[in-house]
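S.K.: Could you have a look at this structure, given as structure tokens, before my questions?
Rule-based calculations on the coordinates, nothing more; no lab input. If you're wondering where the values come from, they're calculated on a predicted model, not measured in any experiment. Using ideal geometry, Cβ is built from the backbone for each residue, glycine included, and neighbour counts are taken over all protein chains shown.
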Amino acid sequence: MRLARPVVFGNWKMNGLRAESLALAGTLAERAVRLTGTVGVFPPFTLIHAVAQRVRGSGILVGGQDCHEKASGAYTGCIAAPMLADAGATAVILGHSERRHGLGETDALVRAKLVAARAAGLLVVLCIGETEAEYLAGARSARLRAQLDGSLPEGIGPEGLVVAYEPVWAIGTGRTPTAEEIRATHGEIRELLARRIVGGEAVPLLYGGSVKPDNAGEIMALADVDGVLVGGASLDARSFWTIYQAGGGA
Ligand code: PEP
């Protein structure tokens, strides 16, 4: 599936009960009259089915925020990739920093989940990003290379893959790298992907971390930025849609 630019995805994280989330999804679906870009929302597991029903026919993608690396089994409390697809999801976020750092997910685990997600036919949004300490130590490039090397399976193709660069220190903090840093980092990631994957230069690259209506346009105008992954601002329909439009989406 080729994703039209801008690609604007909303990670709702552990927010929203049914009524407010369906209202949000409904408002977005009403705005998505004829999408020129790619819009996706990633609700909590419990709301995937209902949100997918609500946005049906609008072109808005619905995805999960994680999946297990096994397709089924004795894994209490976990959700398998085929279950996400069965609930109406067509995508999944993997390797988000809140899981890598908050829950100790390793690159190897993210890689196993990625294999499972692709086997279930899900579009994978692979998150990578350096910590503040790595940023300050000038270790950003090395960290991103290591995460890509460790999280991408050998022989993977570019289809069904999106990479989101999300500096850990920019998530939910109101701080972002400078435009020049984002441009340079995306250029590096593009090169790394081109070397690692046959056709890897075509993988859409998203920036994530404190994207708001007032900085989204500048960020999405940068070379090698195909869109954004939005956390907090995706919980408000007007902000999320303004971000999408700031990237040229209609
Ligand atoms: C995120 O969690 O993926 C994210 C980018 O969050 P925020 O936009 O709130 O920084």
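S.K.: What does the charge count near ASP107 come to, summing +1 for each Lys or Arg and -1 for each Asp or Glu among other residues with Cβ under 10 Å from its Cβ?
M.R.: 0
S.K.: Which cross-chain or sequence-distant (5 or more) residues have an amide H under 5 Å from the amide H of GLU130, H modelled 1.01 Å from N in plane?
M.R.: Counting only residues 5 or more places away or on other chains, the set is VAL168.
S.K.: I've got another one for you. Output ³J(HN,Hα) for segment 133-143: one whole-Hz value per residue in order, computed from phi by the Karplus curve 6.51 cos²θ - 1.76 cosθ + 1.60 with θ = phi - 60°, and x for Gly and Pro.
M.R.: Taking θ as phi minus 60°, the curve returns 4, 5, 4, 5, 8, x, 9, 4, 4, 5, 5 Hz for segment 133-143.
S.K.: While we're on this one: Aspartates and glutamates within cross-link reach of LYS212: Cα-Cα under 17 Å, excluding same-chain residues under 8 positions apart?
M.R.: LYS212 reaches GLU166, ASP226, ASP236.
S.K.: Can you give the convex hull volume per residue for the Cα atoms of the chain, as a whole number of Å³?
M.R.: 112 Å³
S.K.: When the convex hull of the C-alpha atoms of segment 163-235 is computed, what volume per residue in Å³ does it have?
M.R.: 78 Å³
S.K.: Check cross-link reach from LYS70 to the lysines: straight Cα distance under 28 Å, and skip same-chain residues fewer than eight apart.
M.R.: Partners within reach: LYS13, LYS113.
S.K.: Tally Lys/Arg at +1 and Asp/Glu at -1 over every other residue whose Cβ is under 9 Å from the Cβ of ASP66; what's the total?
M.R.: Surrounding charge for ASP66 is +1.
S.K.: Rank-order 104-110, 9-15, 214-220 by packing density, defined as the average count of other C-beta atoms within 10 Å over each peptide's residues, highest first.
M.R.: Listed from highest to lowest mean packing, they are 9-15, 214-220, 104-110.
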